[in-house]
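Data first, discussion second: the structure below is written as structure tokens.
The values are calculated or read from the model by the stated rules, or taken from the named source; none is laboratory data. Nothing here was measured: the structure is a model prediction, and the numbers come from that model. Here Cβ is always computed from backbone atoms with ideal geometry, including for glycine, and neighbour counts include all displayed protein chains. Side chains included, ligands, DNA and RNA excluded: accessible areas come from the protein's heavy atoms. Shrake-Rupley method; radii C 1.70, N 1.55, O 1.52, S 1.80 Å.
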Amino acid sequence: MNKVFKRVISIMLVLAMSIGVVSQVLAADSADPVQVVSDVEKAAETLTTGKQVPVIIIHGISQIDTVITDENGKPLLNDEGETITGWPLTVDIKELVLTVLFPVLLTLITQKDFASEAGYKAACNAVKYNACDLNGDPVYPTFVDRQYCSVAEMDQEHRDIVYDAVPFQDVAKEIGEDNLYFFAYNSSGDVTQIAEDLNDYIEMVKEQTDSEEVSLAPISMGGTIVTAWLEMFSGRYDLFYDNYDSVHKIVFVIAALDGSAILGDLFVNDTLLNNDEFLYTRLLPELLDEEWYSYLINLALRILPHDVLISVVDSIFSGVKDTLVGNCTIFWALIPKANFDESYELYFKDKGPEYDTIRTKVKLYNTAQKNLKPNIDRLMSDEFGGIVHAICSYGLPLYTVGSSSLYINADSIIHSASTSLFATFANLGETLPVDYVAKNPVCTDPTHNHISPDRVVDASTSYLPETTWYVQGLNHERTGRSDSVINFAGVLLKDDTIKDVHSDPENYPQFNGSRTTRDLRNHDIPNAEKALAENQTMTAEQRAELQAALDDCKLMLTETVVDTVDCENRMQRLKNALIDIGVYAAPEEPSEAAGVAREIFKWLSDTAYKSWGTKGFSELLAG
């Protein structure tokens, strides 16, 4: 159920995160311009010193806990004496129940809408600790435990926090923990202030490491922070200086560089919640992995008349949107630029001049999105000699909320055009037409083939056709579990050996498979090694099979070319060997009763919609 809960919360946040784009300028101290060095000078210095460029990781949404405090910085506590956190969300269940209990009972008894107002209030209260004011600042003082030192200098607790958020342990072994930094931020904060803080952090790292430049590793939402930084510190704004010469390299890792189509759909109201058949037959089963009770809940929705149900659902979404998203510029940054104008008009049309600060910041981030390509081009120009790489995933649908989920290629959370800087993708389940020819608007070399072997991707339309890599089938939420992706990011960050997709295609092809190996590395391999060292009861055949399966999995972890199915089979072989000697219990067979219940309730749910449409039980009884 934890997985289900996280998914539902994810969707609710996505709902909340609805709106598009961020970035403007807010107070900043002027600084003397840093001396610009040319690409040739940078290259020469690297060759002569051989010094590792320090790396700053910029994490994704909610990967770092935040603590709500009073005005004196003392953590706030709930009624049970527990610390109130912004991330993960702290929800006062007791208050929630008391707010909705009577209105819901009254609604059920009368079949009239007495619950919408309570639902709106409950939703506002549920996310109140992440709300922002009319300046885009958090309403509640929020503490972010940002460490102003390298990972090497952190205590074990903070080192564990970093590696739990982003498993860069192997990368750290290559570049040295003294060259690895972690920029923590509030995932519901002001993107302009966070970008400003990032610039200060860059300067701090340069000073601590005696380096003239750093490399950035933005992950997921971290891409929006860097997008804002590229705009704000481009030299085009009086409040901020040009600081491009401080960045040697950026490696975007499954980064939201054009927001998420889920949020775009939600804010322009292109949601499948408006599709009656979807609401009454598919929404809950798809969120709850088609468990039998998801179809039962479909039937239970009919306890309320259709109009009342829709009103209550809309009020809850509105409460989350108004409280969490409306004034939170970092969530506006997650709206695709194609949806910005309509989203902006729908949200702000009834808002007064008190929203002007938010309007200004939102418009500036939209400018940052529009300027992303020229900003990247400028960073990579001879003047600055910067390097930009991207790693993206494709081949999965978005979570089923908006209409985009029906056809857009994605990684389940972010559409792949966003993480790939606008490569072209066939619709889900389809391939590019047989007569399709690469468009090549950026790469004009006719000898380069940027169409994927599965004919799903035309990478030639990406802003960076030569320096963007694609992995097939990697769920966004599992990026941190993929050793192949994280370690490849480390290869790109370690030095400049891999310059583009043509540097070493045998080991690092532009199009690759994916594997998620966290359980293998954290549990299966240690358990297998322990069993081989301590278990004296296994047979010779069992020992031989366990050793062979273990060796094969260790070999797999050294392989950079990934066959997803083959990797899954090799990992399962090790699990089976551990099951055979009793280290793991055999997986439970699917419950026959649950399967029967699923089929029965699915049939009832589908039949109810075909027969009754959207009518609630009281509407049916009333004729």
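Write out, first by first residue and then by second, each pair whose Cβ atoms fall under 8 Å of each other, whose residues are 6+ apart or on separate chains, and whose first residue, in region 553-575, is assigned to a loop (DSSP other than H, G, I, E, B) while the second is of a type in the set (Val, Ile, Thr).
Between residues of region 553-575 that are assigned to a loop (DSSP other than H, G, I, E, B) and residues that are of a type in the set (Val, Ile, Thr), the close pairs are Val562/Val471.
Considering every residue within region 464-484, establish whether at least one is at pLDDT 95 or above, assigned to a helix (DSSP H, G or I) and farther than 30 Å from His523 by Cβ.
no
Identify all residues within region 442-456 that are open to solvent by 20 Å² or more (accessible area, probe 1.4 Å) and under 20 Å from Asp377 (Cα atoms); write none if there are none.
Once the filter is applied, which keeps residues that are open to solvent by 20 Å² or more (accessible area, probe 1.4 Å) and under 20 Å from Asp377 (Cα atoms), region 442-456 yields Val442, Thr444, Asp445.
Those residues that are surrounded by 14 or more Cβ atoms within 10 Å (Cβ to Cβ) and among the hydroxyl-bearing types (Ser, Thr, Tyr), I need them from region 548-563; list them, please.
Of everything in region 548-563, just one residue is surrounded by 14 or more Cβ atoms within 10 Å (Cβ to Cβ) and among the hydroxyl-bearing types (Ser, Thr, Tyr), namely Thr560.
Taking the stated definitions as given, is Ser514 closer than 25 Å to Asp454 by Cα, open to solvent by 20 Å² or more (accessible area, probe 1.4 Å) and either touching a Leu at 6+ places or on another chain (Cβ under 9 Å) or of a type in the set (A, V, I, L, M) (or both)?
Taking the combined requirement at face value, the residue does not satisfy it.
For region 425-457, enumerate the residues that are without any contact (Cβ under 8 Å) to a residue 12 or more places away in the chain and at positive phi.
Gly429, the sole residue that qualifies.
Going through region 575-597 one residue at a time, which ones are among the polar types (S, T, N, Q) and either farther than 22 Å from Thr517 by Cα or modelled with pLDDT under 95 (or both)?
Once the filter is applied, which keeps residues that are among the polar types (S, T, N, Q) and either farther than 22 Å from Thr517 by Cα or modelled with pLDDT under 95 (or both), region 575-597 yields only Ser591.
Assess whether Asn366 counts as being within 25 Å of Ile414 (Cβ to Cβ) and not in a helix (DSSP H, G or I).
In short, no.
State the number of residues belonging to region 349-363 that are open to solvent by 10 Å² or more (accessible area, probe 1.4 Å) and either part of a helix (DSSP H, G or I) or touching a Pro at 6+ places or on another chain (Cβ under 7 Å) (or both).
8
When you go through Asp276, Asp341, Asp265 one by one, which is the residue that is over 26 Å from Tyr129 (Cβ atoms), open to solvent by less than 30 Å² (accessible area, probe 1.4 Å) and either at pLDDT below 90 or of a type in the set (Asp, Glu) (or both)?
That would be Asp265, the only listed residue that is over 26 Å from Tyr129 (Cβ atoms), open to solvent by less than 30 Å² (accessible area, probe 1.4 Å) and either at pLDDT below 90 or of a type in the set (Asp, Glu) (or both).
So for region 243-253 (the condition being crowded, with 24+ Cβ neighbours inside 10 Å and in a helix (DSSP H, G or I)), does at least one residue qualify?
Checked against the condition, which is being crowded, with 24+ Cβ neighbours inside 10 Å and in a helix (DSSP H, G or I), region 243-253 yields no hits at all.
Go through the residues of region 200-212 one by one and say whether even a single one is closer than 25 Å to Ala597 by Cβ, part of a helix (DSSP H, G or I), of a type outside the set (A, V, I, L, M) and open to solvent by 10 Å² or more (accessible area, probe 1.4 Å).
no
Could you check region 84-134 and list, in sequence order, the residues that are open to solvent by 20 Å² or more (accessible area, probe 1.4 Å) and of a type in the set (Val, Ile, Thr)?
Thr85, Thr90, Val91, Ile93, Val97, Thr99, Val100, Val104, Ile109, Thr110
Go over the candidates Leu287, Leu257, Leu230 one by one and state the one that is open to solvent by less than 40 Å² (accessible area, probe 1.4 Å) and either within 30 Å of Val596 (Cβ to Cβ) or among the aromatic types (Phe, Trp, Tyr) (or both).
Leu287
Residue check: is Gly473 under 27 Å from Glu213 (Cα atoms), under 23 Å from the mean Cα position of the chain (by Cα) and open to solvent by 10 Å² or more (accessible area, probe 1.4 Å)?
It is false that Gly473 is under 27 Å from Glu213 (Cα atoms), under 23 Å from the mean Cα position of the chain (by Cα) and open to solvent by 10 Å² or more (accessible area, probe 1.4 Å).
Taking the condition of being among the hydroxyl-bearing types (Ser, Thr, Tyr), in contact with a helix residue (DSSP H, G or I) (Cβ under 7 Å, 6 or more places away or on another chain) and either surrounded by fewer than 18 Cβ atoms within 10 Å (Cβ to Cβ) or over 25 Å from Asn427 (Cα atoms) (or both), how many residues in region 372-395 meet it?
Qualifying residue count for the region: 0.
Name the single residue, out of those in region 344-361 being basic (Lys, Arg) and over 26 Å from the mean Cα position of the chain (by Cα), that is farthest from Asn135 (Cα to Cα).
Taking the candidates together, the pick is Lys349.
Condition first: more than 11 Å from Gln510 (Cα to Cα) and at pLDDT below 95. Now tell me which residues in region 443-459 satisfy that.
Cys443, Thr444, Asp445, Pro446, Thr447, His448, listed by residue number.
Please find, among Leu428, Leu398, the residue that is more than 21 Å from Ile498 (Cα to Cα), among the aliphatic types (A, V, I, L, M) and buried (at least 21 other Cβ atoms within 10 Å of the Cβ).
Leu398
Can you tell me which residue in region 564-608 is least open to solvent (accessible area, probe 1.4 Å), limited to those that are within 26 Å of Asp552 (Cβ to Cβ) and of a type in the set (D, E, K, R)?
That would be Arg570.
Name the pairs: first residue in region 458-481 and touching a residue at least 12 places away in the same chain (Cβ under 8 Å), second residue open to solvent by 10 Å² or more (accessible area, probe 1.4 Å) and of a type in the set (Lys, Arg), Cβ to Cβ under 6 Å, at least 6 apart or on different chains?
Ser460/Lys439; Thr461/Lys439; Tyr463/Lys373; Arg481/Arg518
Could you look through region 530-546, keep only residues that are surrounded by fewer than 14 Cβ atoms within 10 Å (Cβ to Cβ) and in a helix (DSSP H, G or I), and pick out the one that is farthest from the chain's Cα centre (by Cα)?
So the residue we want is Ala540.
State the number of residues belonging to region 296-324 that are open to solvent by less than 20 Å² (accessible area, probe 1.4 Å) and at pLDDT 90 or above.
7
When residues of region 213-237 are filtered for being more than 20 Å from the chain's Cα centre (by Cα), aromatic (Phe, Trp, Tyr) and assigned to a helix (DSSP H, G or I), how many remain?
Residues that pass the stated criteria total 0.
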